[in-house]
Amino acid sequence: MEFLTVHSPALIIALPLLAAFVIPLLGRAGATIRDTFNVAILGFTAFLVAVLAIDVYTGGTRVYTFGATVPEMAIPQGYMVPVRIMFEVDAISIFMALATTVVTIAAFIYSLQFLKGETGQERFYSLLMLLFVGMLGLELTGDMFNMFVFLEILSIAGAGLASYRVNMADAVEGGFKYIVISAVSALMVLFAIGILYAQYNLLSIAALAHNMQYNTLDMIALGLLAIAFVMKLAGVPLHMWAPDTYAVAPAGITPMIYTSSAASMYALYRVTFTLYGGAFDTGAIGWVVIILGVLSMFIGVMMAIHQTDIKRLMAYHAISQSGYMLLGVGVGLAVLTDPVALASYGRDAMNGGIFHIINNALYKGMLFLTAEAIFFRIGTRDLNRMGGLGHKMKWTAAFFIIGALAISGIPPFNGFASKLLIYESVFRFNPLLSVIAMFVSLVTLASFTKVFYSAFTGAEMPSLGQVREVPRSMLIGMGVLAACIIFFSIFPGLVVDAIVAPATDALIDQASYINGVMGAAP
Amino acid sequence: MRQIAGWILLIVLVAFLISGALSMHPFGYPPSDMDDYMIENSQAETANNNVVAAVLFDYRGLDTLGEATVLFTAVTGVLLLFRALKRKEKGS
Amino acid sequence: MLSKIVRTISDQLILFILVFGFYIITHGHLTPGGGFQGGAVIASGVVMMIVAFGSNQIKKSLRERHLAVVESSGALIFIGMAFAGLGTTFFYNFLVGTPVFGIIPPTGPNPGNLWTGGVIPLMNLGVGLKVIAGLSAVVLAMALFSSGEEVEE
Amino acid sequence: MIQYIPYNIPFIAVALLVGIALYILIFKRNMVKIVMGVAILGAAVNLFLVALGYRAGGVAPIYTVSPQGPMVLPVPQALTLTSIVIAVSIIALMLTMVMHTYRHTKDVDAKKSRTMKG
């Protein structure tokens, strides 16, 4: 147990990676052995994430240095800068890792029966594990270049999975768009890393933040990083890839690609708050993030209304919901240097934005899964060719209702809890923004009502007479997410206090992040 | 419209990059805190003459694992996309 | 399939390419090179064979699923070396100081000794296997696809 | 800064290469050209990283029968190697998708397809 706690940051990455390498070898041993192995690895990784989470929430930031004689020794004996790669796990990292793990487990269980009879299953699962590793690595790492490498892993795995249905032309194109955007954004990140490295000869985030001088080159690097991550998280001016990719990705993968954009959002926050934040005036950057958020919210939902493809519709809603997260955290960023405003509403706004990340990963993931369940049974994503499915697919309909109510911010559900935090605090920052946010929420509700009526109620389409409920593993996959949503809805206060507020504090508290690594420097 | 916006974006970005290039450290005289440690200690710590190999596999080993993983991911992805869509009959 | 001249020359050249690639892989901790570079050299030799003999001919002796096995085992060697250091930390170079690849070279310029480098030569070997198999599999799959053949599972 | 300009030519070359790559990515719609744009962008970044590590008069950072003198920085070389392999992987996957698109549409011009308008 001691061993597991000490080495958990490394094992969280290493075990799924090992699984990804072993799965192609297991392919010939039979599907049952492979699935059991996958479940075991995923379960054990989830257990390790939980162990690490408990450790971080009770004991503070954890540093794990790869290849050092002592894991905590980020800086070699008697030297002044970190040399090796280290993972630095603080509350926000582990918060994202928890969200990632839950979504991955649900997506994996869902895929088990969804893939029955398809070819290339072992490669599919291998890539699924790699996508999981990519997200976890991106969230746990404390090194800029390592972040780039994990960003590439998740991009390539995501693109390969997105075009899984190669017999459909749009699937290949969706994957191609995703990989072009990913490649360009990753190269921009690498360029920014090069600029930072050239000035400080450092790659560790904490050490870079410690030495940051905020000169012209640093600002260029910040610009490149921000553009790259906004591109990757599908913020509005650069969102065009998202509907195409989300619409074509196979079941289980869409929620994971969506979660990987949330991981990019984490990277954006990490860069703005931890790498730059603190000593320099973040007000302007905060406003940029707010404007991006408002644009994403508004344009996303407006584009969503008139879609007839159910997954494209949900993809536009996903863009719109990302806007809330950007808005909440952007307000926090705008008032970061003003302690009074930060204490009175900035922290709440950030709590809302960060809480929204996990809420959204849960209900948006579940909505994507329900859409995919419908596609699985009736073979079309066109809303005009659906109808009366509620009678035949009762569970799917129930899950859809839960997800739709949660995403629209209807009171008992968790979406309401995070949106309320955002509305209240943003209202004190700028009332207009809050009004826009509420308006977007209403439009979201209207849009999902439309989907519900056209897909699940009304007369049965004659062509859909043979439709049955989806297989059990798909229901369990959705059920896992639904259970989490219900838990979060019943105890929002508990969740905010236990995992969201520490995450916010970790983002704001740049000094302790730096201290985690540079504390040992002479 | 799209053309004009594209050109503006392109010119602004390249201008930024060139101004950045001019304010870089002079070519050939980089700061080297972290790298000096590796050059000095790679032989003693990793028993290795090739400092680049020491950086690749020891000091920054996780990056190389990630890099190998990227290659593995890409190969898996390529083979996934080129897979046969229908299962072959047993024994053929 | 190309002309007989090309095939004959490729047949002779492949041996040298293999030896050269293997040299680059095994001396990765002493001279410029390493697993990736040597693997790329050998994979380019495989590509040469595919170009010279045609993918259908190569397919008979080089199956993709065998390549996938080689690739996975290369990756497993690599990550296994990293796991083996777990007694201290992940990626700890646990062979330094032992007689197996662990001889510490004298500080400063020296002639070089093959038994140095700790886990690095072994990792180079793993990465080399992986790169050979991976790049060959990609090129073979692309060649088979463009010649209209289905790639096997 | 002016006195350094002759020495900063590699960095200016990087900026221009990035410009070319962005020109391709913004204005060209042929999928093969997009792949080439990404490849050029990758090459620019690699050139940038290698140029960062150069130390005037330096020798390769390898002690095996090395000449005397300062060594160039090893980390950028390692980063470049990583980035090259990543670029190769990405391009392989992209070309796979281009080949599939070509099989579906017999055309790689993205203007004609439905979803590639963005």
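The values are calculated or read from the model by the stated rules, or taken from the named source; none is laboratory data. This structure is a prediction, so every number in the text was calculated from the model and none was measured. Here the Cβ positions follow ideal geometry from the backbone for every residue, glycine too, while neighbour counts run over all protein chains shown.
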**Message:** Scan the stretch A:263-279 and tell me whether some residue there is in contact with a helix residue (DSSP H, G or I) (Cβ under 9 Å, 6 or more places away or on another chain) and without any contact (Cβ under 8 Å) to a residue 12 or more places away in the chain.
**Reply:** no
**Request:** Could you please let me know if A:Val103 is part of a loop (DSSP other than H, G, I, E, B) and crowded, with 24+ Cβ neighbours inside 10 Å?
**Result:** no
**Request:** Please go through the stretch A:19-37 and pick out each residue that is more than 9 Å from chain C (Cβ to nearest Cβ) and surrounded by fewer than 23 Cβ atoms within 10 Å (Cβ to Cβ).
**Result:** A:Leu26, A:Ala29, A:Gly30, A:Ala31, A:Thr32, A:Ile33, A:Arg34, A:Asp35, A:Thr36, A:Phe37
**Message:** Please determine whether any residue of the stretch C:53-61 is over 13 Å from the mean Cα position of the chain (by Cα), within 14 Å of another protein chain (Cβ to nearest Cβ) and among the basic types (Lys, Arg).
**Reply:** yes
**Item:** Matching residues in the stretch A:353-380 - criterion: being in contact (Cβ under 8 Å) with a residue 24 or more places away in the chain and of a type in the set (Val, Ile, Thr)
**Value:** A:Ile354, A:Ile357, A:Ile358, A:Thr370, A:Ile374, A:Ile378
**Message:** Just to be sure before I move on: is A:Asp90 of a type in the set (D, E, K, R) and either surrounded by 23 or more Cβ atoms within 10 Å (Cβ to Cβ) or on the phi > 0 side of the Ramachandran plot (or both) in the structure I sent?
**Reply:** yes
**Request:** From A:Pro9, A:Pro16, A:Pro82, grab the single residue that is in a loop (DSSP other than H, G, I, E, B), touching a residue at least 24 places away in the same chain (Cβ under 8 Å) and either touching a Pro at 6+ places or on another chain (Cβ under 7 Å) or crowded, with 23+ Cβ neighbours inside 10 Å (or both).
**Result:** A:Pro82
**Asked** Of all residues in the stretch C:1-26, how many are under 15 Å from the mean Cα position of the chain (by Cα) and either within 18 Å of C:Met142 (Cα to Cα) or modelled with pLDDT under 90 (or both)?
**Response** 0
**Complete:** Scanning the stretch C:3-44 residue by residue, those without any contact (Cβ under 8 Å) to a residue 12 or more places away in the chain and in a loop (DSSP other than H, G, I, E, B) turn out to be C:Ser3, C:Pro32, C:Gly33
**Message:** Pairs please, first residue from the stretch A:448-475 and farther than 17 Å from A:Phe400 by Cβ and assigned to a loop (DSSP other than H, G, I, E, B), second anywhere and at pLDDT below 85 and of a type in the set (A, V, I, L, M, F, W, C), Cβ atoms under 6 Å, 6+ apart in sequence or on different chains.
**Reply:** none
**Request:** Tell me which of these A:Phe487 doesn't satisfy, since it passes every other one: (1) touching a Lys or Arg at 6+ places or on another chain (Cβ under 7 Å); (2) surrounded by 14 or more Cβ atoms within 10 Å (Cβ to Cβ).
**Result:** (1)
**Message:** Against the definition (within 7 Å of another protein chain (Cβ to nearest Cβ), surrounded by 24 or more Cβ atoms within 10 Å (Cβ to Cβ) and part of a helix (DSSP H, G or I)), how does B:Val70 come out, yes or no?
**Reply:** yes
**Prompt:** Which residues, taken from the stretch B:49-67, are within 10 Å of chain A (Cβ to nearest Cβ), part of a helix (DSSP H, G or I) and either in contact with a strand residue (DSSP E or B) (Cβ under 9 Å, 6 or more places away or on another chain) or among the polar types (S, T, N, Q) (or both)?
**Reply:** B:Leu62, B:Asp63, B:Thr64
**Request:** Give the residues of the stretch D:32-61 that are facing another protein chain (nearest Cβ under 7 Å) and either more than 21 Å from A:Tyr197 (Cβ to Cβ) or in a loop (DSSP other than H, G, I, E, B) (or both), sorted by residue number.
**Result:** D:Ile34, D:Val38, D:Gly53, D:Tyr54, D:Arg55, D:Ala56, D:Ala60, D:Pro61
**Request:** Within the stretch C:103-122, work out how many residues are of a type outside the set (Val, Ile, Thr), outside any loop (DSSP other than H, G, I, E, B), in contact (Cβ under 8 Å) with a residue 12 or more places away in the chain and within 14 Å of chain D (Cβ to nearest Cβ).
**Result:** 1
**Prompt:** Of everything in the stretch A:51-76 that's in a helix (DSSP H, G or I) and touching a residue at least 12 places away in the same chain (Cβ under 8 Å), which residue is surrounded by the most Cβ atoms within 10 Å (Cβ to Cβ)?
**Reply:** A:Leu52
**Fill in**
Filter the stretch A:111-140 for residues that are within 11 Å of another protein chain (Cβ to nearest Cβ) and not in a helix (DSSP H, G or I); the one that is surrounded by the most Cβ atoms within 10 Å (Cβ to Cβ) is A:Gly120
**Request:** Sort out which residues of the stretch B:6-38 are closer than 26 Å to D:Ala21 by Cα, loosely packed, with under 15 Cβ neighbours inside 10 Å and of a type in the set (Phe, Trp, Tyr), and write them in order of number.
**Result:** B:Trp7
**Request:** Test each condition in (1) modelled with pLDDT of 90 or more; (2) closer than 24 Å to A:Leu18 by Cα for C:Glu64 and report the one that comes out false.
**Result:** (1)
**Prompt:** Counting only residues that are under 24 Å from A:Ile85 (Cβ atoms) and of a type in the set (D, E, K, R), how many does the stretch A:204-247 have?
**Reply:** 2
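For (1) over 16 Å from the mean Cα position of the chain (by Cα); (2) closer than 23 Å to A:Asn146 by Cβ; (3) among the charged types (D, E, K, R), each residue gets a yes or a no:
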position: A:Ile220; (1), (2), (3): yes, yes, no
position: A:Leu225; (1), (2), (3): yes, yes, no
position: A:Leu233; (1), (2), (3): no, yes, no
position: A:Phe273; (1), (2), (3): yes, yes, no
position: A:Thr282; (1), (2), (3): yes, no, no
position: A:Trp287; (1), (2), (3): yes, no, no
position: A:Gly300; (1), (2), (3): yes, no, no
**Prompt:** Inside the stretch C:49-102, can you point out the residues that are farther than 30 Å from C:Ile17 by Cα, touching a Phe, Trp or Tyr at 6+ places or on another chain (Cβ under 9 Å) and assigned to a loop (DSSP other than H, G, I, E, B)?
**Reply:** C:Thr88, C:Thr89, C:Phe90, C:Phe91, C:Tyr92, C:Asn93, C:Leu95, C:Pro99
**Request:** Report whether or not A:Leu481 is assigned to a helix (DSSP H, G or I), touching a residue at least 40 places away in the same chain (Cβ under 8 Å), more than 20 Å from A:Tyr345 (Cβ to Cβ) and in contact with a Gly (Cβ under 7 Å, 6 or more places away or on another chain).
**Result:** yes
**Complete:** The one condition A:Leu238 fails out of (1) among the aliphatic types (A, V, I, L, M); (2) surrounded by fewer than 24 Cβ atoms within 10 Å (Cβ to Cβ); (3) at the interface with another protein chain (Cβ under 9 Å from one of its Cβ atoms) is (3)
**Request:** Could you grab me the full set of residues in the stretch B:34-64 that are touching a Leu at 6+ places or on another chain (Cβ under 7 Å) and over 20 Å from D:Pro67 (Cα atoms)?
**Result:** B:Met34, B:Leu56, B:Thr64
**Residues that are more than 7 Å from chain B (Cβ to nearest Cβ), of a type outside the set (S, T, N, Q) and not in a helix (DSSP H, G or I), drawn from the stretch C:123-151** = C:Gly148, C:Glu149
